[in-house]
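Participant: Starting off with a structure, shown below.
The values are calculated or read from the model by the stated rules, or taken from the named source; none is laboratory data. This is a predicted model, so every value here is computed, not measured. Don't worry about glycine lacking a Cβ; one is built from the backbone with ideal geometry, like all the others, and counts go over all protein chains shown.
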């Protein structure tokens, strides 16, 4: 297994169009197929005030976008669920043996994917599928997997959202059911992701403070 970074230009895609007119980065937490040819993405958008409003409005008005739900996390950060009528890239990824760990939009309209490859040949297979559906792909980096990779972006984003929305407050300002609905997953899946992420946070904390205990 390897860590891989790809830079992808997707044909007639809302990310490319929005990236050309807005500088605010869009971080992808989850991408999955939706319907016959569409996709559903959970994203975090870093923008403030009128910039955020214009960006969200432009996403809503894009011809490929069917539905947009947004929820503020903190000042300058918003969590959004975006459903599109077509998303060939996410379908190519879902049908591969590679695992998406992080993704973000770039200023030039491309999207940067960080992946962990699966079995031998999985990367070549994914590249072929992406190019077949009209994507321009640049292989930016390959590296051996490190222990740092194992704290996935999905775990980090969910823990961050839980913290910022008051899950760890007393009394709680959001419960497990509401968090699961926000991320579009079951409560049991959410609980498993959070437990794994919390364990990694504690392991790192105690490694760093071992000499002080």
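Participant: Would a scan of region 91-103 turn up a residue that is part of a loop (DSSP other than H, G, I, E, B) and either assigned by TED's automatic domain parsing to the domain that holds residue 197 or modelled with pLDDT of 85 or more (or both)?
Facilitator: Looking for residues that are part of a loop (DSSP other than H, G, I, E, B) and either assigned by TED's automatic domain parsing to the domain that holds residue 197 or modelled with pLDDT of 85 or more (or both), one finds none in region 91-103, hence no.
Participant: Criterion first (outside the structural domain of residue 165 (by TED's automatic domain parsing) and under 30 Å from residue 125 (Cα atoms)) does residue 72 satisfy it?
Facilitator: Values: outside the structural domain of residue 165 (by TED's automatic domain parsing): yes; under 30 Å from residue 125 (Cα atoms): no.
No: the conditions fail for residue 72.
Participant: Still on this structure, I have one more. So, residue 166, is that one closer than 30 Å to residue 22 by Cβ, modelled with pLDDT under 80 and either in contact with a helix residue (DSSP H, G or I) (Cβ under 6 Å, 6 or more places away or on another chain) or not assigned by TED's automatic domain parsing to the domain that holds residue 30 (or both) or not?
Facilitator: The answer is no for residue 166.
Participant: Still on this structure, I have one more. Checking residue 109 against (1) part of a loop (DSSP other than H, G, I, E, B); (2) loosely packed, with under 14 Cβ neighbours inside 10 Å, only one condition comes out false. Which one?
Facilitator: Against the list (1) part of a loop (DSSP other than H, G, I, E, B); (2) loosely packed, with under 14 Cβ neighbours inside 10 Å, residue 109 comes up short only on (2).
Participant: Of all the residues that make up region 20-40, how many are free of Cβ contacts under 8 Å to residues at least 40 places away in the same chain and either over 20 Å from residue 58 (Cβ atoms) or not assigned by TED's automatic domain parsing to the domain that holds residue 113 (or both)?
Facilitator: 1
Participant: Could you list all residues from region 104-132 that are touching a residue at least 60 places away in the same chain (Cβ under 8 Å) and either outside the structural domain of residue 61 (by TED's automatic domain parsing) or out of contact with any strand residue (DSSP E or B) (no Cβ under 9 Å at 6 or more places or on another chain) (or both)?
Facilitator: 107
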